[in-house]
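> My questions will all concern the structure given below.
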Amino acid sequence: MNWWCFAQPGTAWNWQWQPLIGVWLAMLLLTWVYQRVLSRIDDSYESSRLRKSRRAAFSLAIFLLWASLDWPLGPLGASYLASVHMVQFLAVGIAAPALLLLALPTAAYEPLRRHPRLTKALSDLTHPVSAFFIFNIVMTATHWPGVVDLLMPTQLGSFVLDAAWMLGGLIFWWPLIVPVPERPGFHSLGKIAYLALNAFLIRPPFAMMIFSASPIYAIYELAPPPARDALNDQQLAGAVMKIGIAWIMFAGVLVIFRNWMLLESDRPESA
Amino acid sequence: MEVPIPKPDLVLTDTEGELYDLRAETDGYLSLVFFGYTNCPDVCPVHMATLAGVFDELAPEVRDAMKVIFVSTDPERDTPDRLRQWLGAYHPSFLGLRGEVEAINAALAEMKLPGVAVVPGQHGSEPIIGHPSAVLAFGRDGLARVRYPFGVRRADWINDLPLLLGESS
């Protein structure tokens, strides 16, 4: 019995269900923490619709995390198909962090203000420029062939990669979603530019996956079926990464633009 | 390998049903010889997929001077049609050979490789055939100087094959 999915080179894939206890425990822990946070704050100032949306966001985040890390996608992505690995990245490193931050009412972040050092640290760490660099460095490092081939064959290494994705994603979305610390200078237009830049940026792993003449990851190159042509799968993974990120960022742009327009229309007109 | 291994004296049948003398037919070519079976769940498909990818990347003059030969260690299930279809899915130039397991075992022993071992399937599943996981690269002179174990990557093959051709010319 395994607790986290990991690459098992040379092992043939079979459709026999495998329990991944660590994934279930992580989902239970996240749910427990979420319920505990909600029970400690008063979010009645938010509309019923908004509260429902937040709970739906949390449920969707947990579903995405569970579906992408548990069997069969977890082992398939860890050991056999780079394209599935990239779908996992989109779920764990991009979509789920945004949904988890959106799932918390603004009141849940207010206690952070009572800790000046923490607020200062968050202010630096989640400054849009820092967040941009941290996210892209984490993303590049966790897709670097040497790092992937080194970490993926162990459960701990595979967990570290997933955790790094999640942390990188939380830092990336923090300045866009979380109201603490306040960033009055980070206007909606700046937020849209931040997302657009990340959508169009050509990162080294993407370039390697698409343009390399040979497979760059040993674990996927030497994986038995269902892997077939490792190079095609790698190129598909590059396309999934690029198109997936672009669509998620585009969705973010639409939401920010909509909120911006609503805010502008609510503002009283000056004489 | 410290001592080069000569190409075994092995006459088998190709997928057209014609006799195929390994030494005579591959004389003057760089020959990559692998012993496996088409129902293999792990090593064989990986080797064949890797070599297929390598073939597409090689210069035409290198490709034309090479033969990839897959010798079935499971002649009962690997019918000529099955062998042709399976290999063709990887690369149309890959050649499939089949014959008596005794003859194949004798050739494997000649090359100091482990023989074919049949492990009966459990709970009605198909048997698993034990076979060497290495690919032997026989130079143009008929001697194998390199044995490629499972795990050799495409980039290494692409680097090595032109060198092997040059070495054994």
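> Report the label-to-label distance for B:Arg63 and B:Ala89 in nanometres (one decimal), using points 7 Å from each Cα along the Cα→Cβ vector.
Each label point lies 7 Å from its Cα, and together they span 2.2 nm.
> How large is the direction-averaged shadow of the alpha-carbon convex hull of segment B:5-167, in nm²? The partial results should precede the final answer.
Details: hull surface 35.5 nm².
Mean projected area of the Cα convex hull: 8.9 nm².
> Moving on. For segment A:169-271, what is the Kirkwood estimate of the hydrodynamic radius, computed as the reciprocal of the mean inverse distance between distinct Cα atoms, to one decimal in Å? Kindly include the intermediate steps, with their values, before the conclusion.
Working: mean 1/r = 0.0605 Å⁻¹.
Computed over segment A:169-271, the radius equals 16.5 Å.
> Residue by residue, what Karplus-based ³J(HN,Hα) values in Hz, rounded to whole numbers, does segment A:107-115 have, using 6.51, -1.76 and 1.60 with θ = phi - 60° and x for Gly and Pro?
These are the phi-based 3J(HN,Hα) values: 5, 5, 8, 4, x, 4, 5, 6, 10 Hz.
> Sum up the charges of everything whose Cβ sits under 15 Å from the Cβ of B:Ala89, counting Lys and Arg as +1 and Asp and Glu as -1, but leave B:Ala89 out.
Numbers: positive: A:Arg228, B:Arg82, B:Arg84; negative: A:Asp229, B:Asp56, B:Asp78, B:Asp81.
Net charge in that neighbourhood comes out at -1.
> Still on this structure, I have one more. Per residue Cα convex hull volume for segment B:1-89, in cubic angstrom? Could you put the intermediate results ahead of the total?
Values: hull volume 11.2 nm³, N = 89.
Taking only Cα atoms, segment B:1-89 has a hull volume of 125 Å³ per residue.
> Place +1 on the Cβ of every Lys and Arg and -1 on the Cβ of every Asp and Glu in the protein assembly as shown, take the dipole about the Cα centre, and give the residue among A:Leu112, A:Ser79, A:Gly157 whose Cα lies farthest towards its positive end.
Positive-most Cα among the choices belongs to A:Leu112.
> Just the number, please: Stokes-Einstein D of segment B:73-144 in µm²/s, Kirkwood Rh from C-alpha pairs, 10 °C, 1.306 mPa s. Please report the intermediate quantities before stating the final value.
Details: Rh = 14.1 Å.
So the translational diffusion coefficient is about 113 µm²/s.
> Still on this structure: Pull up the DSSP beta bridges for the protein assembly as shown and report the antiparallel fraction as a percent, rounded to 5.
60
> Here is a further query. So, in Å, what gap is there between the alpha-carbon centers of segment A:68-94 and segment A:14-60?
Distance between centres, Cα-based: 21 Å.
> So for segment A:1-76, Kirkwood radius off the Cα pairs, Stokes-Einstein at 37 °C and 0.692 mPa s: how many µm² s⁻¹?
Values: Rh = 14.5 Å.
Here the translational diffusion coefficient equals 226 µm²/s.
> Can you give me the long-range amide H partners of B:Tyr20? Hydrogens built in the peptide plane at 1.01 Å from N, cutoff under 5 Å, separation of 5 or more residues or another chain.
Long-range HN contacts for B:Tyr20: B:Leu12, B:Thr13, B:Asp14.
> Where the eigenvalues come from the Cα gyration tensor of the protein assembly as shown, what are the semi-axes √(5λ) of the equivalent ellipsoid, largest first, in whole Å? Please list the in-between numbers first.
Values: eigenvalues 634, 104, 56 Å².
Working through the eigenvalues yields semi-axes of 56, 23, 17 Å.
> Nearest 20 debye, what's the magnitude of the dipole of segment B:5-167 about its Cα centre given +1 on Lys and Arg Cβ and -1 on Asp and Glu Cβ?
Working: 14 positive and 24 negative charges, 87 e Å.
For segment B:5-167, the charge dipole is close to 420 debye.
> Quick check: the distance between the Cα centres of segment A:99-174 and segment B:1-76, to the nearest angstrom?
49
> Sticking with this one: With a length cut of 15 Å (Cα positions projected on each helix's long axis) and a Kyte-Doolittle mean of at least 1.0, go through chain A and give me the DSSP H helices that pass.
Values: long enough: A:21-40 (29 Å, 1.11); A:48-69 (32 Å, 0.47); A:128-142 (21 Å, 1.60); A:155-177 (32 Å, 1.30); A:188-200 (18 Å, 1.09); A:230-266 (54 Å, 0.90).
Counting only whole DSSP H runs, the qualifying helices are A:21-40, A:128-142, A:155-177, A:188-200.
> Nearest 100 Å² is fine: what is the total accessible surface buried where chains B and A meet, probe 1.4 Å?
Numbers: alone 8350 and 14150 Å², together 21260 Å².
Accessible area lost upon association: around 1200 Å².
> Now for a separate question. Where in segment A:58-89 is the amide nitrogen less than 16 Å from a point lying 7 Å along the Cα-to-Cβ axis of A:Leu112?
Counting only backbone N, you get no residues.
> Based on the Cβ-Cβ distance from A:Val147 to A:Glu46, what FRET efficiency comes out when R0 is 41 Å, to the nearest 0.05?
Working: r = 41 Å, r/R0 = 1.01.
Given R0 = 41 Å and the Cβ-Cβ separation, E is 0.50.
> Please list B:Arg154, A:Arg36 in order of solvent-accessible area, largest first, computed with a 1.4 Å probe with all protein chains present. Present the calculation step by step, with values, prior to reporting the outcome.
Values: B:Arg154 10, A:Arg36 110 Å².
Solvent-accessible surface, decreasing: A:Arg36, B:Arg154.
> Right, something else. Given Cα positions, please report Rg to Rh for segment A:1-136, the hydrodynamic radius being the Kirkwood one. Could you put the intermediate results ahead of the total?
Numbers: Rg = 18.0 Å, Rh = 17.1 Å.
Result: Rg/Rh = 1.05.
> Considering only the other residues whose Cβ falls under 14 Å of the Cβ of A:Glu46, what net charge follows from Lys and Arg at +1 and Asp and Glu at -1? Working shown, then result.
Details: positive: A:Arg49, A:Arg51, A:Lys52, A:Arg54, A:Arg55; negative: A:Asp42, A:Asp43, A:Glu110.
Spelling it out: positives minus negatives among the neighbours equals +2.
The values are calculated or read from the model by the stated rules, or taken from the named source; none is laboratory data. Just so it is clear, the structure is predicted and the values come from calculations on it, not from any experiment. Using ideal geometry, Cβ is built from the backbone for each residue, glycine included, and neighbour counts are taken over all protein chains shown. Calculation scope for accessible area: heavy atoms of the full protein, side chains included, ligands and nucleic acids excluded. Shrake-Rupley method; radii C 1.70, N 1.55, O 1.52, S 1.80 Å.
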